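Contents: one structure, followed by commentary.
The values are calculated or read from the model by the stated rules, or taken from the named source; none is laboratory data. Source: prediction; values computed, not measured. Note that we place each Cβ from the backbone using ideal geometry, even for glycine, and neighbour counts take in every protein chain shown. Only protein heavy atoms, including side chains, enter the accessible area calculation; ligands, DNA and RNA are left aside. Shrake-Rupley method; radii C 1.70, N 1.55, O 1.52, S 1.80 Å.
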Amino acid sequence: MREVAIVGIGQTPVEEHWDISLRELAAKAVLNAMDDAGAEDVDALYVGNMLSGILTNQENLGALIAECVGLSGIEAVKIEAACGSAAAAFRQAVLGVASGMIDSAVAVGVEKLTEMSGRATTHGLATASDGDYEMAIGLSFVAINALLMRRYMHEYGWEKNDFAPFVINAHRNAAHNPNAMFQNQINQEQYNLAKVVADPINLLDSSPIGDGAAAVLVVPAEDADKYDGQVITVAACEIGTDTIALDNREDPLWLKGVERSTAKAFRTAGVRHQDIDLFEVHDAFSIITALSLEACGFAEKGQALRMANDESIGLKGKLPLTTMGGLKGRGHPVGATGLYQIVEAATQLRGDAPDALQIDAPNCVMAQNIGGSGANVITSILKRRD
Amino acid sequence: MDIPRSWRLRNQRYLLEGNACTSCDKKHFPPVLVCSECKSRDLRPFTFSGKGKLYSYSTVYQAPGQFEAFVPYIVALVDLEEGPRITTQLTDISPDEVRIGMPVEKVIRKISEEGERGLILYGYKFRPPVD
Ligand SMILES: [Zn+2]
(Lines give C-alpha, C1' and ligand atoms only; values in the text may rest on other atoms or scores of the structure.)
Protein backbone atom coordinates (compact mmCIF):
# COMPACT_ATOMS: atom_id res chain seq x y z
CA MET A 1 0.00 0.00 0.00
CA ARG A 2 1.15 3.51 -0.80
CA GLU A 3 0.94 6.35 1.68
CA VAL A 4 -1.74 8.86 0.61
CA ALA A 5 -1.65 12.64 0.89
CA ILE A 6 -4.14 15.46 0.45
CA VAL A 7 -2.69 18.14 -1.83
CA GLY A 8 -5.78 20.22 -2.57
CA ILE A 9 -8.89 21.30 -0.70
CA GLY A 10 -11.97 23.27 -1.75
CA GLN A 11 -15.42 24.18 -0.48
CA THR A 12 -18.38 26.45 -1.00
CA PRO A 13 -20.10 28.22 1.88
CA VAL A 14 -23.01 26.25 3.38
CA GLU A 15 -26.16 28.24 2.63
CA GLU A 16 -29.55 28.07 1.04
CA HIS A 17 -28.06 28.33 -2.46
CA TRP A 18 -31.30 28.89 -4.34
CA ASP A 19 -29.43 30.37 -7.30
CA ILE A 20 -26.82 27.62 -7.70
CA SER A 21 -27.55 24.13 -9.04
CA LEU A 22 -26.28 20.89 -7.59
CA ARG A 23 -23.83 20.41 -10.44
CA GLU A 24 -22.44 23.94 -10.10
CA LEU A 25 -21.96 23.54 -6.37
CA ALA A 26 -20.05 20.30 -6.84
CA ALA A 27 -18.03 21.75 -9.72
CA LYS A 28 -17.00 24.80 -7.67
CA ALA A 29 -15.67 22.65 -4.85
CA VAL A 30 -13.84 20.30 -7.26
CA LEU A 31 -12.27 23.18 -9.18
CA ASN A 32 -11.27 24.91 -5.92
CA ALA A 33 -9.51 21.74 -4.78
CA MET A 34 -7.78 21.29 -8.14
CA ASP A 35 -6.72 24.95 -8.23
CA ASP A 36 -5.39 24.67 -4.68
CA ALA A 37 -3.26 21.71 -5.82
CA GLY A 38 -2.40 23.26 -9.18
CA ALA A 39 -3.73 20.15 -10.91
CA GLU A 40 -5.21 20.22 -14.40
CA ASP A 41 -6.64 16.73 -14.42
CA VAL A 42 -7.14 13.71 -12.21
CA ASP A 43 -7.62 9.97 -12.76
CA ALA A 44 -10.87 9.56 -10.87
CA LEU A 45 -13.76 11.44 -9.26
CA TYR A 46 -15.84 10.07 -6.37
CA VAL A 47 -19.01 11.98 -5.60
CA GLY A 48 -20.50 11.63 -2.11
CA ASN A 49 -24.19 12.45 -2.12
CA MET A 50 -27.32 11.18 -0.43
CA LEU A 51 -30.46 12.75 -1.86
CA SER A 52 -29.90 14.03 -5.40
CA GLY A 53 -32.36 11.48 -6.79
CA ILE A 54 -35.18 12.30 -4.40
CA LEU A 55 -34.69 16.05 -4.08
CA THR A 56 -33.34 17.17 -7.45
CA ASN A 57 -34.41 14.31 -9.75
CA GLN A 58 -30.79 13.77 -10.70
CA GLU A 59 -28.69 10.66 -10.37
CA ASN A 60 -25.60 9.47 -12.24
CA LEU A 61 -23.64 12.26 -10.55
CA GLY A 62 -20.23 10.77 -11.37
CA ALA A 63 -20.44 11.36 -15.10
CA LEU A 64 -22.39 14.60 -14.62
CA ILE A 65 -19.89 16.31 -12.33
CA ALA A 66 -16.88 15.01 -14.29
CA GLU A 67 -18.35 16.61 -17.40
CA CYS A 68 -19.01 19.89 -15.56
CA VAL A 69 -15.36 20.25 -14.56
CA GLY A 70 -14.05 19.34 -18.02
CA LEU A 71 -12.95 15.83 -17.08
CA SER A 72 -15.49 13.83 -19.06
CA GLY A 73 -13.99 10.41 -19.76
CA ILE A 74 -12.38 9.68 -16.39
CA GLU A 75 -13.59 7.11 -13.85
CA ALA A 76 -16.41 8.83 -11.94
CA VAL A 77 -19.13 7.40 -9.69
CA LYS A 78 -21.47 8.44 -6.88
CA ILE A 79 -21.03 6.90 -3.43
CA GLU A 80 -23.94 6.81 -0.98
CA ALA A 81 -23.93 6.14 2.78
CA ALA A 82 -26.69 8.53 3.95
CA CYS A 83 -25.15 11.43 5.94
CA GLY A 84 -21.83 9.56 5.74
CA SER A 85 -21.70 9.70 1.93
CA ALA A 86 -18.89 12.26 1.64
CA ALA A 87 -16.40 10.51 3.90
CA ALA A 88 -17.33 7.24 2.18
CA ALA A 89 -16.37 8.89 -1.13
CA PHE A 90 -13.10 10.04 0.50
CA ARG A 91 -12.46 6.44 1.57
CA GLN A 92 -12.92 5.34 -2.06
CA ALA A 93 -10.40 7.91 -3.27
CA VAL A 94 -7.92 6.85 -0.59
CA LEU A 95 -8.37 3.16 -1.45
CA GLY A 96 -7.77 3.81 -5.13
CA VAL A 97 -4.62 5.83 -4.62
CA ALA A 98 -3.23 3.62 -1.84
CA SER A 99 -3.69 0.50 -3.95
CA GLY A 100 -1.74 1.92 -6.87
CA MET A 101 -4.63 1.49 -9.29
CA ILE A 102 -5.03 5.25 -9.69
CA ASP A 103 -2.57 8.09 -9.23
CA SER A 104 -4.85 10.97 -8.33
CA ALA A 105 -8.46 11.26 -7.27
CA VAL A 106 -10.88 13.95 -6.21
CA ALA A 107 -13.51 13.14 -3.61
CA VAL A 108 -16.34 15.68 -3.54
CA GLY A 109 -19.37 15.72 -1.28
CA VAL A 110 -22.35 17.67 -2.54
CA GLU A 111 -25.91 18.13 -1.34
CA LYS A 112 -28.79 20.37 -2.24
CA LEU A 113 -31.48 20.19 0.42
CA THR A 114 -33.43 23.37 -0.33
CA GLU A 115 -34.58 22.52 -3.85
CA MET A 116 -37.98 21.25 -2.72
CA SER A 117 -40.32 21.91 0.21
CA GLY A 118 -39.27 21.26 3.79
CA ARG A 119 -41.77 18.41 3.74
CA ALA A 120 -40.01 16.66 0.86
CA THR A 121 -36.65 17.18 2.57
CA THR A 122 -37.86 15.70 5.86
CA HIS A 123 -39.15 12.72 3.90
CA GLY A 124 -35.84 12.37 2.07
CA LEU A 125 -33.78 12.51 5.26
CA ALA A 126 -35.97 9.82 6.83
CA THR A 127 -34.82 7.41 4.11
CA ALA A 128 -31.58 7.04 6.10
CA SER A 129 -33.61 4.95 8.55
CA ASP A 130 -35.29 1.56 8.05
CA GLY A 131 -37.94 2.14 5.37
CA ASP A 132 -40.16 -0.77 6.40
CA TYR A 133 -40.04 -0.48 10.18
CA GLU A 134 -39.10 3.06 11.17
CA MET A 135 -39.97 5.51 8.40
CA ALA A 136 -43.21 3.74 7.34
CA ILE A 137 -44.69 4.10 10.81
CA GLY A 138 -43.96 7.78 11.37
CA LEU A 139 -40.43 8.10 12.68
CA SER A 140 -38.63 11.15 11.41
CA PHE A 141 -34.84 11.11 11.61
CA VAL A 142 -35.12 13.57 14.50
CA ALA A 143 -37.55 11.27 16.35
CA ILE A 144 -35.09 8.39 16.16
CA ASN A 145 -32.43 10.52 17.80
CA ALA A 146 -34.96 11.78 20.34
CA LEU A 147 -35.55 8.17 21.46
CA LEU A 148 -31.82 7.92 22.15
CA MET A 149 -31.65 11.22 24.00
CA ARG A 150 -34.64 10.42 26.22
CA ARG A 151 -33.23 7.04 27.21
CA TYR A 152 -29.78 8.52 27.82
CA MET A 153 -31.18 11.17 30.18
CA HIS A 154 -33.24 8.48 31.94
CA GLU A 155 -30.40 6.02 32.34
CA TYR A 156 -27.70 8.42 33.47
CA GLY A 157 -29.73 11.15 35.16
CA TRP A 158 -28.65 14.05 32.95
CA GLU A 159 -30.85 17.11 32.40
CA LYS A 160 -31.52 18.54 28.98
CA ASN A 161 -29.59 21.70 29.90
CA ASP A 162 -26.46 19.64 30.33
CA PHE A 163 -26.18 19.21 26.55
CA ALA A 164 -26.17 22.98 25.87
CA PRO A 165 -22.37 23.57 26.04
CA PHE A 166 -21.81 21.36 22.96
CA VAL A 167 -24.24 23.51 21.00
CA ILE A 168 -22.94 26.84 22.34
CA ASN A 169 -19.35 25.81 21.54
CA ALA A 170 -20.27 24.87 17.95
CA HIS A 171 -22.06 28.15 17.31
CA ARG A 172 -19.28 30.21 18.88
CA ASN A 173 -16.79 28.65 16.47
CA ALA A 174 -19.11 28.92 13.46
CA ALA A 175 -19.36 32.66 14.03
CA HIS A 176 -15.71 32.98 12.89
CA ASN A 177 -15.97 30.59 9.92
CA PRO A 178 -16.93 32.49 6.75
CA ASN A 179 -18.16 29.23 5.17
CA ALA A 180 -20.54 28.46 8.04
CA MET A 181 -24.29 28.74 7.67
CA PHE A 182 -24.77 30.37 11.08
CA GLN A 183 -22.74 33.40 12.05
CA ASN A 184 -24.52 34.04 15.33
CA GLN A 185 -23.55 32.87 18.79
CA ILE A 186 -26.20 31.42 21.07
CA ASN A 187 -26.57 31.23 24.85
CA GLN A 188 -28.07 28.86 27.39
CA GLU A 189 -31.34 30.79 27.52
CA GLN A 190 -31.87 30.55 23.77
CA TYR A 191 -31.15 26.84 23.98
CA ASN A 192 -33.75 26.40 26.72
CA LEU A 193 -36.38 28.31 24.74
CA ALA A 194 -35.79 26.69 21.34
CA LYS A 195 -38.79 25.09 19.68
CA VAL A 196 -39.23 21.37 20.33
CA VAL A 197 -39.10 19.20 17.19
CA ALA A 198 -39.36 15.74 18.74
CA ASP A 199 -39.21 15.84 22.51
CA PRO A 200 -36.58 16.19 24.06
CA ILE A 201 -34.80 17.36 20.87
CA ASN A 202 -35.25 21.04 20.07
CA LEU A 203 -34.22 23.09 17.05
CA LEU A 204 -30.83 23.89 18.60
CA ASP A 205 -30.07 20.23 19.31
CA SER A 206 -30.41 19.40 15.64
CA SER A 207 -28.09 20.54 12.90
CA PRO A 208 -29.56 22.79 10.21
CA ILE A 209 -29.93 21.56 6.65
CA GLY A 210 -28.28 23.56 3.91
CA ASP A 211 -26.71 23.33 0.45
CA GLY A 212 -23.01 22.95 -0.12
CA ALA A 213 -20.07 21.06 -1.54
CA ALA A 214 -16.55 20.30 -0.32
CA ALA A 215 -13.72 18.44 -2.04
CA VAL A 216 -10.17 17.17 -1.61
CA LEU A 217 -7.58 15.95 -4.10
CA VAL A 218 -5.53 12.95 -2.99
CA VAL A 219 -2.34 11.54 -4.51
CA PRO A 220 0.43 9.15 -3.45
CA ALA A 221 2.57 10.84 -0.79
CA GLU A 222 5.64 10.24 -2.95
CA ASP A 223 4.13 12.48 -5.68
CA ALA A 224 2.82 15.14 -3.33
CA ASP A 225 5.61 17.65 -3.92
CA LYS A 226 4.69 17.90 -7.60
CA TYR A 227 1.59 19.81 -6.50
CA ASP A 228 1.16 23.35 -5.17
CA GLY A 229 -1.06 22.71 -2.13
CA GLN A 230 0.41 22.27 1.33
CA VAL A 231 0.63 18.51 1.93
CA ILE A 232 -1.42 16.70 4.58
CA THR A 233 -0.88 12.99 5.30
CA VAL A 234 -3.90 10.68 5.37
CA ALA A 235 -2.96 8.46 8.31
CA ALA A 236 -6.25 6.51 8.24
CA CYS A 237 -9.73 6.42 6.77
CA GLU A 238 -11.76 3.45 8.03
CA ILE A 239 -15.39 2.37 7.97
CA GLY A 240 -17.40 0.48 10.60
CA THR A 241 -21.10 -0.35 10.48
CA ASP A 242 -23.97 -1.24 12.82
CA THR A 243 -27.62 -2.25 12.34
CA ILE A 244 -29.63 0.38 10.52
CA ALA A 245 -32.55 0.33 12.99
CA LEU A 246 -31.98 1.26 16.64
CA ASP A 247 -34.26 -1.51 17.88
CA ASN A 248 -31.93 -4.22 16.59
CA ARG A 249 -29.07 -3.03 18.79
CA GLU A 250 -28.42 -4.75 22.07
CA ASP A 251 -27.66 -1.38 23.68
CA PRO A 252 -28.82 1.56 21.54
CA LEU A 253 -26.76 3.90 23.74
CA TRP A 254 -23.52 2.28 22.61
CA LEU A 255 -22.64 3.12 18.99
CA LYS A 256 -20.81 -0.02 17.91
CA GLY A 257 -20.22 1.38 14.43
CA VAL A 258 -18.35 4.29 16.02
CA GLU A 259 -16.37 1.95 18.24
CA ARG A 260 -15.41 -0.29 15.30
CA SER A 261 -14.54 2.53 12.93
CA THR A 262 -12.48 4.39 15.56
CA ALA A 263 -10.59 1.26 16.64
CA LYS A 264 -9.68 0.45 13.03
CA ALA A 265 -8.60 4.02 12.31
CA PHE A 266 -6.43 4.23 15.45
CA ARG A 267 -4.80 0.92 14.54
CA THR A 268 -4.16 1.94 10.93
CA ALA A 269 -2.75 5.33 11.94
CA GLY A 270 -0.86 3.94 14.93
CA VAL A 271 -2.24 6.62 17.24
CA ARG A 272 -3.85 6.71 20.68
CA HIS A 273 -6.50 8.98 22.17
CA GLN A 274 -3.97 11.36 23.68
CA ASP A 275 -2.42 11.94 20.22
CA ILE A 276 -5.60 13.54 18.83
CA ASP A 277 -5.28 17.35 18.85
CA LEU A 278 -8.81 18.11 17.71
CA PHE A 279 -11.91 16.18 16.80
CA GLU A 280 -14.44 17.11 14.13
CA VAL A 281 -17.26 15.08 15.65
CA HIS A 282 -20.50 14.31 13.79
CA ASP A 283 -22.72 16.57 15.91
CA ALA A 284 -25.90 16.05 13.87
CA PHE A 285 -27.72 15.99 17.23
CA SER A 286 -26.39 16.85 20.70
CA ILE A 287 -27.02 13.27 21.81
CA ILE A 288 -24.88 11.93 18.94
CA THR A 289 -21.97 14.10 20.11
CA ALA A 290 -22.26 12.50 23.55
CA LEU A 291 -22.65 8.93 22.30
CA SER A 292 -19.78 9.35 19.82
CA LEU A 293 -17.37 10.67 22.46
CA GLU A 294 -18.18 7.59 24.55
CA ALA A 295 -17.96 4.96 21.80
CA CYS A 296 -14.73 6.57 20.53
CA GLY A 297 -13.27 6.15 24.00
CA PHE A 298 -12.85 9.85 24.81
CA ALA A 299 -15.37 9.53 27.68
CA GLU A 300 -16.72 6.80 29.94
CA LYS A 301 -20.12 5.35 29.11
CA GLY A 302 -22.86 7.74 30.20
CA GLN A 303 -20.31 10.40 31.17
CA ALA A 304 -19.62 12.39 27.97
CA LEU A 305 -21.54 15.37 29.33
CA ARG A 306 -18.76 15.80 31.89
CA MET A 307 -16.77 17.04 28.86
CA ALA A 308 -19.40 19.67 28.05
CA ASN A 309 -17.29 22.64 29.13
CA ASP A 310 -14.65 24.93 27.62
CA GLU A 311 -11.71 23.32 29.44
CA SER A 312 -12.52 20.05 27.67
CA ILE A 313 -13.86 20.97 24.23
CA GLY A 314 -13.16 24.68 23.66
CA LEU A 315 -10.48 25.82 21.18
CA LYS A 316 -7.92 25.84 24.00
CA GLY A 317 -9.40 22.76 25.67
CA LYS A 318 -8.00 19.25 25.98
CA LEU A 319 -9.93 17.99 22.95
CA PRO A 320 -11.31 20.87 20.88
CA LEU A 321 -14.56 19.83 19.13
CA THR A 322 -16.25 21.21 16.01
CA THR A 323 -13.54 23.85 15.59
CA MET A 324 -15.18 25.38 12.50
CA GLY A 325 -18.72 25.14 13.82
CA GLY A 326 -19.46 21.47 13.27
CA LEU A 327 -22.67 20.25 11.70
CA LYS A 328 -24.53 22.41 14.20
CA GLY A 329 -23.01 25.76 13.26
CA ARG A 330 -21.42 25.26 9.84
CA GLY A 331 -24.56 23.44 8.69
CA HIS A 332 -25.27 19.89 7.62
CA PRO A 333 -25.60 19.43 3.86
CA VAL A 334 -25.87 15.73 4.58
CA GLY A 335 -24.00 14.00 1.75
CA ALA A 336 -21.35 16.76 1.70
CA THR A 337 -20.70 17.00 5.44
CA GLY A 338 -17.94 14.40 5.71
CA LEU A 339 -15.75 16.31 3.28
CA TYR A 340 -16.41 19.64 5.01
CA GLN A 341 -15.05 17.94 8.14
CA ILE A 342 -11.97 16.69 6.27
CA VAL A 343 -11.36 20.05 4.57
CA GLU A 344 -11.66 21.78 7.96
CA ALA A 345 -9.33 19.28 9.63
CA ALA A 346 -6.78 19.79 6.84
CA THR A 347 -7.16 23.57 7.16
CA GLN A 348 -6.32 23.35 10.87
CA LEU A 349 -3.24 21.20 10.14
CA ARG A 350 -2.07 23.68 7.51
CA GLY A 351 -2.43 26.51 10.03
CA ASP A 352 -4.83 28.24 7.65
CA ALA A 353 -7.88 28.45 9.92
CA PRO A 354 -9.26 31.92 10.68
CA ASP A 355 -7.15 33.42 13.52
CA ALA A 356 -9.94 33.12 16.06
CA LEU A 357 -10.30 29.40 15.34
CA GLN A 358 -6.75 28.20 14.73
CA ILE A 359 -5.63 25.49 17.15
CA ASP A 360 -2.05 25.90 18.29
CA ALA A 361 0.14 23.79 15.95
CA PRO A 362 -1.92 20.60 15.67
CA ASN A 363 -0.13 17.46 14.47
CA CYS A 364 -2.86 14.88 14.38
CA VAL A 365 -6.57 15.47 13.90
CA MET A 366 -9.63 13.27 13.64
CA ALA A 367 -12.85 13.63 11.64
CA GLN A 368 -15.77 11.28 12.00
CA ASN A 369 -18.74 11.17 9.63
CA ILE A 370 -21.84 9.12 10.45
CA GLY A 371 -24.53 7.84 8.09
CA GLY A 372 -27.88 7.14 9.74
CA SER A 373 -28.07 6.99 13.53
CA GLY A 374 -24.73 5.30 13.95
CA ALA A 375 -25.22 2.79 11.10
CA ASN A 376 -22.29 3.71 8.87
CA VAL A 377 -19.30 5.42 10.43
CA ILE A 378 -16.19 6.68 8.65
CA THR A 379 -13.27 7.83 10.78
CA SER A 380 -10.40 9.74 9.19
CA ILE A 381 -7.14 10.66 10.84
CA LEU A 382 -5.00 13.30 9.20
CA LYS A 383 -1.48 14.34 10.14
CA ARG A 384 0.82 17.19 9.39
CA ARG A 385 3.60 15.87 7.15
CA ASP A 386 6.81 15.28 9.10
CA MET B 1 -48.22 4.72 -2.04
CA ASP B 2 -46.15 1.57 -2.17
CA ILE B 3 -48.92 -1.03 -2.17
CA PRO B 4 -46.67 -4.08 -2.66
CA ARG B 5 -44.74 -3.09 0.47
CA SER B 6 -47.90 -2.95 2.56
CA TRP B 7 -49.03 -6.33 1.21
CA ARG B 8 -45.62 -7.90 1.83
CA LEU B 9 -45.49 -6.67 5.43
CA ARG B 10 -49.08 -7.64 6.37
CA ASN B 11 -48.10 -10.43 8.78
CA GLN B 12 -45.62 -8.18 10.53
CA ARG B 13 -47.97 -5.21 10.76
CA TYR B 14 -51.17 -7.02 11.75
CA LEU B 15 -49.95 -10.13 13.57
CA LEU B 16 -46.54 -9.05 14.85
CA GLU B 17 -45.01 -12.06 13.16
CA GLY B 18 -41.25 -12.35 13.32
CA ASN B 19 -39.16 -15.48 13.43
CA ALA B 20 -37.24 -17.69 15.82
CA CYS B 21 -33.88 -19.33 15.23
CA THR B 22 -34.21 -23.13 15.21
CA SER B 23 -30.67 -23.60 16.47
CA CYS B 24 -30.30 -21.00 19.27
CA ASP B 25 -33.99 -20.01 19.73
CA LYS B 26 -33.30 -16.28 19.56
CA LYS B 27 -36.48 -14.41 18.59
CA HIS B 28 -36.34 -11.79 15.86
CA PHE B 29 -38.59 -8.90 14.94
CA PRO B 30 -38.63 -7.99 12.12
CA PRO B 31 -37.95 -11.49 10.73
CA VAL B 32 -34.37 -12.00 9.59
CA LEU B 33 -32.74 -14.14 6.92
CA VAL B 34 -29.68 -14.91 9.06
CA CYS B 35 -29.72 -15.21 12.87
CA SER B 36 -27.71 -12.32 14.33
CA GLU B 37 -26.74 -14.50 17.29
CA CYS B 38 -25.47 -17.74 15.69
CA LYS B 39 -25.58 -17.04 11.90
CA SER B 40 -28.02 -19.92 11.33
CA ARG B 41 -30.24 -19.53 8.27
CA ASP B 42 -32.79 -21.98 9.62
CA LEU B 43 -35.59 -19.93 11.14
CA ARG B 44 -39.29 -20.59 11.73
CA PRO B 45 -42.13 -18.05 11.87
CA PHE B 46 -42.89 -16.82 15.38
CA THR B 47 -45.81 -14.67 16.46
CA PHE B 48 -45.14 -12.32 19.35
CA SER B 49 -47.59 -11.89 22.24
CA GLY B 50 -47.57 -8.12 21.82
CA LYS B 51 -46.77 -7.50 25.46
CA GLY B 52 -43.80 -5.45 26.48
CA LYS B 53 -42.23 -2.61 28.45
CA LEU B 54 -41.41 0.91 27.30
CA TYR B 55 -37.69 1.45 26.65
CA SER B 56 -37.90 5.04 25.37
CA TYR B 57 -40.34 7.49 23.76
CA SER B 58 -40.62 10.86 22.05
CA THR B 59 -43.48 13.19 21.20
CA VAL B 60 -43.17 14.25 17.57
CA TYR B 61 -44.16 17.83 16.67
CA GLN B 62 -42.62 18.03 13.17
CA ALA B 63 -43.45 14.95 11.13
CA PRO B 64 -42.55 13.53 7.73
CA GLY B 65 -45.12 14.16 4.94
CA GLN B 66 -47.97 11.72 5.38
CA PHE B 67 -47.84 12.00 9.18
CA GLU B 68 -48.24 15.79 9.42
CA ALA B 69 -51.96 15.45 10.08
CA PHE B 70 -51.29 13.33 13.18
CA VAL B 71 -48.97 15.63 15.18
CA PRO B 72 -48.33 15.59 18.02
CA TYR B 73 -47.97 11.83 18.25
CA ILE B 74 -45.79 9.60 20.39
CA VAL B 75 -43.17 7.20 19.02
CA ALA B 76 -41.46 4.62 21.16
CA LEU B 77 -39.09 1.72 21.54
CA VAL B 78 -40.73 -1.23 23.31
CA ASP B 79 -38.96 -4.25 24.78
CA LEU B 80 -41.13 -7.24 23.86
CA GLU B 81 -41.58 -9.99 26.46
CA GLU B 82 -39.93 -12.53 24.16
CA GLY B 83 -36.75 -10.49 23.74
CA PRO B 84 -36.57 -8.17 20.74
CA ARG B 85 -37.07 -4.42 20.92
CA ILE B 86 -39.55 -2.88 18.49
CA THR B 87 -40.07 0.61 17.08
CA THR B 88 -43.69 1.76 17.26
CA GLN B 89 -46.18 4.51 17.98
CA LEU B 90 -48.01 4.77 21.31
CA THR B 91 -51.74 5.35 21.40
CA ASP B 92 -54.56 5.85 23.95
CA ILE B 93 -52.23 7.82 26.22
CA SER B 94 -51.19 11.46 26.53
CA PRO B 95 -47.52 12.46 26.51
CA ASP B 96 -47.49 13.49 30.20
CA GLU B 97 -48.68 10.02 31.27
CA VAL B 98 -45.89 8.13 29.51
CA ARG B 99 -43.14 6.63 31.69
CA ILE B 100 -40.10 4.62 30.74
CA GLY B 101 -40.56 1.06 32.04
CA MET B 102 -44.38 1.09 31.91
CA PRO B 103 -46.10 -2.04 30.54
CA VAL B 104 -47.69 -1.73 27.08
CA GLU B 105 -49.53 -4.01 24.68
CA LYS B 106 -50.10 -4.24 20.96
CA VAL B 107 -53.24 -2.94 19.30
CA ILE B 108 -54.09 -2.50 15.59
CA ARG B 109 -54.73 1.09 14.55
CA LYS B 110 -54.61 3.39 11.57
CA ILE B 111 -50.99 4.35 10.87
CA SER B 112 -51.43 6.79 7.98
CA GLU B 113 -53.70 7.66 5.09
CA GLU B 114 -53.15 9.18 1.70
CA GLY B 115 -55.84 11.83 1.37
CA GLU B 116 -59.57 11.22 1.22
CA ARG B 117 -59.51 8.67 -1.57
CA GLY B 118 -56.08 7.18 -0.92
CA LEU B 119 -54.94 4.01 0.73
CA ILE B 120 -55.32 3.74 4.51
CA LEU B 121 -52.46 1.96 6.22
CA TYR B 122 -53.16 -0.09 9.36
CA GLY B 123 -50.63 -1.66 11.67
CA TYR B 124 -49.49 -2.16 15.24
CA LYS B 125 -49.33 0.55 17.84
CA PHE B 126 -48.85 0.04 21.57
CA ARG B 127 -51.01 1.25 24.47
CA PRO B 128 -51.21 0.81 28.24
CA PRO B 129 -52.80 -2.64 28.97
CA VAL B 130 -56.57 -2.38 29.30
CA ASP B 131 -57.31 -5.30 31.62
ZN1 LIG C 1 -29.49 -18.41 16.18
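Take every Cα pair under 8 Å in chain A that's 6+ residues apart, average their separations, divide by the length, and report that relative contact order as a whole percent.
Values: 971 pairs, mean separation 99.8, N = 386.
Once normalised by length, the contact order is 26 percent.
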Please report the buried accessible area for the interface of B with A, total over both chains, probe 1.4 Å, in Å² to the nearest 100.
2800
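Round to a whole number: what % of the accessible area of the protein assembly as shown belongs to carbon and sulfur, probe 1.4 Å?
Numbers: 9660 of 20180 Å².
So the carbon and sulfur contribution to the accessible surface is 48 percent.
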How much length is gained on full extension from B:S49 to B:I108, taking 0.36 nm per residue of separation minus their Cα-Cα distance?
19.9 nm
Spin-label model distance (nm) - A:H273 vs A:E59, 7 Å beyond Cα toward Cβ
4.3
Going through the stretch B:28-131, which trypsin sites (Lys or Arg not before Pro) have at most 13 other Cβ atoms within 10 Å and a DSSP loop state?
B:K39, B:R41, B:R99, B:R117
With the charge dipole of chain B built from beta-carbon charges (+1 for Lys and Arg, -1 for Asp and Glu) about the Cα centre, the Cα from B:G115, B:N19, B:V130 projecting farthest to the positive end belongs to B:N19
For chain A, modelled as a GNM with alpha-carbon contacts under 10 angstrom, which of A:R150, A:R119, A:R267 fluctuates the most?
A:R119
Cβ neighbours within 10 Å from other chains - mean over A:146-154:
5
Springs between alpha-carbon atoms under 10 Å, Gaussian network over chain A: tell me which of A:A284, A:A336, A:A299 tops the mean-square fluctuations.
A:A299
Relative to the longest principal axis of chain A, what angle (0 to 90°, nearest 10) does the C-alpha long axis of helix A:337-350 take?
70
For a quick check, take a GNM of chain A with Cα springs below 10 Å and name the residue from A:K318, A:K160, A:K226 with the largest mean-square fluctuation.
A:K226
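Note down the magnitude of the dipole of chain A about its Cα centre, charges +1 on Lys and Arg C-beta and -1 on Asp and Glu C-beta and zero elsewhere, to the nearest 20 debye. The partial results should precede the final answer.
Working: 29 positive and 50 negative charges, 142 e Å.
Here chain A has a charge dipole of around 680 debye.
Would you mind working out the accessible area per residue for the protein assembly as shown, using a 1.4 Å probe, and quoting it in Å²? Write out the running numbers ahead of the final one.
Details: 20180 Å² over 517 residues.
Each residue of the protein assembly as shown exposes 39 Å² on average to a 1.4 Å probe.
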Bridge orientation stat for the stretch B:3-127 from DSSP, antiparallel percent rounded to 5, came to 95
Rounded tilt (10° steps) of A:256-269 against the dominant C-alpha axis of chain A:
40
Among A:A33, A:Y133, A:G73, whose Cα lies farthest out toward the positive end of the dipole of the protein assembly as shown, if unit charges sit on the beta carbon of Lys, Arg (+1) and Asp, Glu (-1)?
A:Y133
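Work out the FRET efficiency for A:E67 and A:Y156 from their Cβ-Cβ distance, taking R0 = 35 Å, and round it to the nearest 0.05. Write out the running numbers ahead of the final one.
Values: r = 52 Å, r/R0 = 1.47.
Calculated value: 0.10.
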So which residues in the stretch B:76-109 end up with at least 30 square angstrom less accessible surface once the other protein chains are there, compared with the chain by itself, probe 1.4 angstrom?
B:L77, B:R85, B:T87, B:I100
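To the nearest µm²/s, what D does Stokes-Einstein give for the protein assembly as shown at 10 °C and 1.306 mPa s, using the Kirkwood radius over alpha carbon pairs as Rh? It would help to have the intermediate numbers written out before the result.
Details: Rh = 23.4 Å.
For the chosen part, D equals 68 µm²/s.
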Which entries in A:K112/A:K301; B:K51/B:K110; A:K301/A:K328; A:K28/A:K226; A:K226/A:K318; B:K27/B:K125 show an alpha-carbon gap greater than 26 Å?
A:K112/A:K301; A:K226/A:K318
Mind checking the log10 I(q)/I(0) for chain B at q = 0.12, 0.16, 0.19, 0.22 Å⁻¹? Debye, one equal scatterer per Cα, no solvent, two decimals.
-0.52, -0.87, -1.12, -1.29
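Starting from the stretch A:153-235, pick out the GluC sites (Glu not before Pro) whose DSSP state is loop and whose Cβ has at most 16 other Cβ atoms within 10 Å. Before the final figure, lay out the partial values.
Values: sites: A:E155, A:E159, A:E189, A:E222; in loops: A:E159.
Sites meeting the loop and neighbour criteria: A:E159.
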Among B:S6, B:Q66, B:G52 the positive-end extreme of the charge dipole of the stretch B:3-127 (Cβ point charges)
B:S6
